[in-house]
1. Can you work out which of the residues in the range 67-95 that are assigned to a helix (DSSP H, G or I) and among the small types (Gly, Ala, Ser) is farthest from the chain's Cα centre (by Cα)?
2. If we keep just the residues of the range 18-27 that are over 13 Å from Ser94 (Cβ atoms) and either surrounded by 14 or more Cβ atoms within 10 Å (Cβ to Cβ) or under 21 Å from the mean Cα position of the chain (by Cα) (or both), which is modelled with the lowest pLDDT?
3. Would you call Tyr64 part of a helix (DSSP H, G or I) and either within 21 Å of the chain's Cα centre (by Cα) or among the hydrophobic types (A, V, I, L, M, F, W, C) (or both)?
4. Could you list, ordered by first residue, the pairs with Cβ atoms under 8 Å in which the first is in the range 77-95 and closer than 15 Å to Cys29 by Cβ and among the basic types (Lys, Arg) and the second is outside any helix (DSSP H, G or I) and modelled with pLDDT under 95, at least 6 apart or interchain?
Amino acid sequence: MYIIGTHGGETSWITLVSTGPGNVCVCVCDAAYHCVAALFYLSASVLEALATITMYDGFTYKQYHENISAVVFAYVATLLYVVHAVFSLIRWKSS
């Protein structure tokens, strides 16, 4: 939508999270959301890694590699949520 110009030239997302006395709640909610999401993603990626390690016979080599890919991408998603949570906490503390 932003690339084709349907946003109308407005940057409403910037005004939504802009710093100021009235927008502290938005920063707190954003930081809390990303901290909780990072925790859930970490727990899911650890469980996926455990399931991959304890795979028994009956699974093909392709299924094992798919699980390894899922573990890697789960840890990447966790890392991105942690980075965003850290920046959200920094923005909240600076507001």
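The values are calculated or read from the model by the stated rules, or taken from the named source; none is laboratory data. These numbers come from a predicted model, not from an experiment. Quick reminder, even Gly has a Cβ in these numbers, built from the backbone with ideal geometry, and neighbours come from all protein chains shown.
1. Step by step, filter the range 67-95, then rank; the result is Ser94.
2. It comes out as Cys25.
3. Considered against the rule, which asks whether it is part of a helix (DSSP H, G or I) and either within 21 Å of the chain's Cα centre (by Cα) or among the hydrophobic types (A, V, I, L, M, F, W, C) (or both), Tyr64 comes out as no.
4. The qualifying pairs are Arg91/Val17; Arg91/Thr19.
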